[in-house]
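Here is the structure we will look at.
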Amino acid sequence: MGEWREVPLGTVATHYRGYSYSSSELDDRGEDSFISLKVFDKGGGFREGGVKRIRGFVPEQFRVPGGSLLLANTDLTRDADVVGAPALVPPRFHNAIISMDATRVVPDLGQVDERYLALILGTGEARSFMRGSSAGSTVLHLDTKRLDVLPIRVPPLEEQRRIAEILDTIDETIQATERVIAKLERVRSGLAHSLIGAIEAPRARLRDVASLTSGSTPSRSRNDYWNGSIPWVKTGEVRGNVIDSTEELITDRALAECPLEVYPAGTVLVAMYGQGSTRGRVAMLGVPATTNQACAAIKSAPAVLDESYLFEFLKYGYDALRSLSHGSHQENLSTRLVGAFELPVPSLPEQTQVVAVLDSASARLDAEKADLEKLRQTRAGLADDLLSGRVRTVAA
């Protein structure tokens, strides 16, 4: 097997930025596909839903063939997750126009395979280099001149192709699993709407069949309040899920000195405010935990209301929950508004029957998600081994 080399990107590829456009040129009825920042996944990859349309004359130099390698050179995210992300243009977008937020990287195909180059530019080292080569206070911009000195590992060309083929095969399996999950989620959502929407039972305000409270945020200036052992939930973690762990933990001292309560597993949470679509989302605690002040913690009266039924109903009622704040003097929800939310309360056996049907639909979905996570872990480990040269491929 041939030796690996480490070379500056500029010795094996050229690059250029896309078309500087104005928003007035974007038009859903435009003649050409337009590739903007929205096509780039945070971890790398092409989001077809981010493709727009553009009208009018655009110089031919900004059109790219299918299979072209692009990099995101702008980033609006708080954590710089997008800048430098690579993406290969799908064949169906052949001859699309790329925006100024994208850079096309054109490899010397006698030295480097385009698919391999996309993989190597997606490694942690390359992404870190590109983040370090970006600047801006609110919008990050990649200094594309620095790309020429980005160090990349280059094995023999045939080995590059084998590496790309191996990882492409795993990616295809991952994508197929993602499609299955998306279909199962649609089926479960439709089933929930059919079951819950058809319930005919006396209605009650939430505060009449449950207790509602909220938590707080311990002072960030007190180091003795943080990095303890008690889970603490933020609204960003409330995503229609069961919460088994949290991003942050607080200490016993924080619990003793701050207006906080440890809620038992089974408590249902509603995000009362937060960015974007967060307001109105629900979750259920899988472990005892505290919350911040933006979460309404709802403990159902067990003789009247099954906690899992409540969880499912509030997920179903997401839009209605969000609308409670409309017409008030605030955009946020509150425990008072959430407590006024009405829901049908059938008998406990009927509630548990609804939950059992939905749990059955969730079982395969959960199994597919577990398989997807294993595939992603396998892919990450294999990519690390192959792209570092620790594991070498052998020609068939």
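Just so it is clear, none of the values below were taken in a lab; they were calculated from the coordinates. Keep in mind it's a predicted model, so treat the numbers as computed, not measured. Glycine also receives a Cβ, built like all others from the backbone with ideal geometry; neighbour counts cover every protein chain displayed.
Listed here are the residues, each with its yes/no results for (1) aliphatic (A, V, I, L, M); (2) under 19 Å from Ser133 (Cα atoms).
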{"position": "Thr11", "(1), (2)": "no, yes"}
{"position": "Ser24", "(1), (2)": "no, no"}
{"position": "Gly30", "(1), (2)": "no, no"}
{"position": "Gly66", "(1), (2)": "no, no"}
{"position": "Thr74", "(1), (2)": "no, yes"}
{"position": "Val82", "(1), (2)": "yes, yes"}
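Each residue in segment 181-208 was checked for being loosely packed, with under 15 Cβ neighbours inside 10 Å and of a type in the set (Val, Ile, Thr), and 1 pass. Name the residue, out of Arg364, Arg392, that is within 17 Å of Thr177 (Cβ to Cβ) and of a type outside the set (Val, Ile, Thr). Of Arg364, Arg392, the one residue that is within 17 Å of Thr177 (Cβ to Cβ) and of a type outside the set (Val, Ile, Thr) is Arg364.
Among the residues of segment 215-240, those identified as surrounded by fewer than 13 Cβ atoms within 10 Å (Cβ to Cβ), at negative phi and not hydroxyl-bearing (Ser, Thr, Tyr) are Arg220, Asn223. Within segment 92-120, being assigned to a loop (DSSP other than H, G, I, E, B) and farther than 24 Å from Val58 by Cβ holds for Asp108, Leu109, Gly110, Gln111, Val112, Asp113. If you scan segment 132-145, which residues turn out to be in contact with a strand residue (DSSP E or B) (Cβ under 9 Å, 6 or more places away or on another chain), surrounded by fewer than 16 Cβ atoms within 10 Å (Cβ to Cβ) and not hydrophobic (A, V, I, L, M, F, W, C)? Listed by number, the residues that qualify are Gly136, His141, Asp143.
Scanning segment 241-272 for residues that are under 19 Å from the mean Cα position of the chain (by Cα) and small (Gly, Ala, Ser), we see that the one that is surrounded by the most Cβ atoms within 10 Å (Cβ to Cβ) is Ala271. Candidates in segment 1-24 are the residues that are in contact (Cβ under 8 Å) with a residue 24 or more places away in the chain and within 20 Å of Val139 (Cβ to Cβ); of these, the one that is surrounded by the most Cβ atoms within 10 Å (Cβ to Cβ) is Gly18.
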